[in-house]
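J.: Before I ask anything, let me first share the structure, which is written out below as structure tokens.
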Amino acid sequence: MASEGGSATDYVKHHLEHLHSGEGFWTFHWDTIFFSWVTGLIFLGIFVVAARKATAGVPGGLQNAVEAVLEFVDTSVKEAFHGPRGFIAPLALTIFVWVLFWNIMDLIPVDLLPNLAAAMGIPYLRVVPSADMNATFALSLTVFVLIIVYSIKGKGVGGYTKELLFHPFGKNPLLIPFNLILNIVELIAKPVSLALRLFGNLYAAEMLFILIALLPFWAQWLPGSAWAIFHILVIPLQAFIFMTLTIVYLALAYEEH
């Protein structure tokens with residue numbers, strides 16, 4: 001609680017500080033890396049268990065839940081991407097579930113894990129990977145690379161080069177610089193918008209939970225519960241948006257215009 005550890009400003013700064021090492025570009029946020037691995041392994045563990053226990057008879061609750069997610073993601077891919085889906089569907093599934101698990105970490109009380117870490121001598125701990133811009137940009141840069149790969153895969157090197165040089169203003173050589181500038185800006189804007197949208201929403205949600213925790217203990221329940229209930233709607237929505245935009249961007253990259 002803030003009353004136990006100094007001013008409200010100190011409390012907020014402490015909860016927004018990462019467990020990190022290094023300086024500048026080579027700064028590593030170890031808490032983000034750790035919880036990204038933990039949520040990723042939980043995701044894999046759940047799906048491996050569901051696959052091994054899958055039955056053609058009456059399915060259990062876990063199999064029903066996993067099949068529902070698989071069908072939902074597969075339908076989303078089929079509706080937007082009309083090329084070979086052997087890689088796109090698993091990618092979309094991974095993004096949706098992994099980002100969902102990242103976001104769910106925001107529902108853990110803000111003091112719980114940091115206090116446990118402090119008891120073990122760890123001074124700082126942030127548990128929501130999607131509230132760290134490094135994590136959201138890492139994921140979006142992966143999508144950025146895949147956009148380029150699928151652009152070349154769908155159109156060939158020559159076709160993709162022509163699109164960069166001659167779209168949208170045509171084949172007039174004088175217009176090539178303008179075409180190139182617009183296409184590069186559009187290309188860069190895709191991963192930037194993906195990363196900042198997810199980061200901004202989860203960072204704001206984390207900040208609100210921290211501010212609510214500044215209230216006296218007896219006064220936290222009503223605003224905390226109300227925000228948590230609302231946030232339950234935001235958590236899957238942000239994962240869905242990230243997944244859907246990834247599918248759409250790859251579809252646009254693969255298809256000729």
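J.: So which pairs qualify, if the first residue must be in the stretch 209-230 and outside any helix (DSSP H, G or I), the second must be surrounded by 15 or more Cβ atoms within 10 Å (Cβ to Cβ), the Cβ gap must be under 8 Å, and the two must be at least 6 apart or on different chains?
T.: That search, which allows pairs on different chains as well, returns L214/A2; L214/Y11; L214/V12; Q220/I212; Q220/A213.
J.: If I181 meets every condition in (1) closer than 29 Å to V110 by Cβ; (2) without any contact (Cβ under 8 Å) to a residue 60 or more places away in the chain apart from one, which number is that one?
T.: I181 satisfies all of (1) closer than 29 Å to V110 by Cβ; (2) without any contact (Cβ under 8 Å) to a residue 60 or more places away in the chain except (1).
J.: Taking the condition more than 20 Å from the chain's Cα centre (by Cα), of a type outside the set (G, A, S) and assigned to a helix (DSSP H, G or I), does I241 pass? Step through it out loud before you land on a result.
T.: Working: more than 20 Å from the chain's Cα centre (by Cα): no; of a type outside the set (G, A, S): yes; assigned to a helix (DSSP H, G or I): yes.
No; evaluated as a whole, the condition is false for this residue.
J.: In this structure, does E186 turn out to be over 22 Å from E17 (Cβ atoms) and surrounded by 15 or more Cβ atoms within 10 Å (Cβ to Cβ)?
T.: Details: over 22 Å from E17 (Cβ atoms): yes; surrounded by 15 or more Cβ atoms within 10 Å (Cβ to Cβ): no.
No.
J.: Still on this model: Do we have any residue at all in the stretch 53-70 that's of a type in the set (D, E) and touching a residue at least 40 places away in the same chain (Cβ under 8 Å)? Spell out the reasoning first.
T.: Initial filter on the stretch 53-70 (of a type in the set (D, E)): 67.
From the residues that got through so far, the ones that are touching a residue at least 40 places away in the same chain (Cβ under 8 Å) too are none.
No, every residue in the stretch 53-70 fails to be of a type in the set (D, E) and touching a residue at least 40 places away in the same chain (Cβ under 8 Å).
J.: Another question about this same structure. Counting only residues that are of a type in the set (S, T, N, Q) and touching a residue at least 40 places away in the same chain (Cβ under 8 Å), which one in the stretch 114-141 is surrounded by the fewest Cβ atoms within 10 Å (Cβ to Cβ)? Give the derivation first.
T.: If we filter the stretch 114-141 for residues that are of a type in the set (S, T, N, Q), which is where we start, we get 115, 130, 134, 136, 140.
Cutting the leftovers down to touching a residue at least 40 places away in the same chain (Cβ under 8 Å) gives us 130, 134, 136, 140.
Values: S130: 33, N134: 18, T136: 26, S140: 23.
This residue is N134.
J.: Here's something else I'd like to know. Can you go through V110, V97 and tell me which one is among the hydrophobic types (A, V, I, L, M, F, W, C), at pLDDT 95 or above and either in a loop (DSSP other than H, G, I, E, B) or surrounded by 13 or more Cβ atoms within 10 Å (Cβ to Cβ) (or both)? Walk me through it before giving the result.
T.: Numbers: V110 fails: at pLDDT 95 or above.
One residue alone meets the criteria, V97.
J.: In the set F166, F144, which member is in contact (Cβ under 8 Å) with a residue 12 or more places away in the chain and buried (at least 18 other Cβ atoms within 10 Å of the Cβ)? Break it down stepwise before answering.
T.: Values: F166 fails: buried (at least 18 other Cβ atoms within 10 Å of the Cβ).
Criteria check complete, one pass: F144.
J.: May I pose another question? Scan the stretch 163-197 residue by residue and report those that are of a type in the set (D, E, K, R) and modelled with pLDDT of 90 or more.
T.: Applying the first criterion (of a type in the set (D, E, K, R)) to the stretch 163-197 yields 163, 171, 186, 190, 197.
Passing the criteria: E186, K190, R197.
J.: Output the number of the condition that A239 fails; it satisfies all remaining conditions of (1) over 18 Å from V128 (Cα atoms); (2) small (G, A, S); (3) crowded, with 19+ Cβ neighbours inside 10 Å.
T.: (1) is the only condition that A239 fails.
J.: Working only within the stretch 16-34, note down all residues that are closer than 12 Å to A131 by Cα and assigned to a helix (DSSP H, G or I).
T.: Of everything in the stretch 16-34, those that are closer than 12 Å to A131 by Cα and assigned to a helix (DSSP H, G or I) turn out to be D31, T32.
J.: Got a sec? Which of G83, G57 is assigned to a loop (DSSP other than H, G, I, E, B) and within 23 Å of S140 (Cβ to Cβ)? Walk me through how you get there before you give the answer.
T.: On the way: G57 fails: within 23 Å of S140 (Cβ to Cβ).
The match here is G83.
J.: From A251, A213, A205, which residue is more than 17 Å from the chain's Cα centre (by Cα) and under 27 Å from K13 (Cβ atoms)?
T.: Working: A251 fails: under 27 Å from K13 (Cβ atoms); A205 fails: more than 17 Å from the chain's Cα centre (by Cα).
Among A251, A213, A205, only A213 is more than 17 Å from the chain's Cα centre (by Cα) and under 27 Å from K13 (Cβ atoms).
The values are calculated or read from the model by the stated rules, or taken from the named source; none is laboratory data. Keep in mind that what you see is a predicted model, and the values were worked out from it rather than measured. Counting neighbours? That spans all protein chains shown, and the Cβs are built from the backbone with ideal geometry, glycine included.
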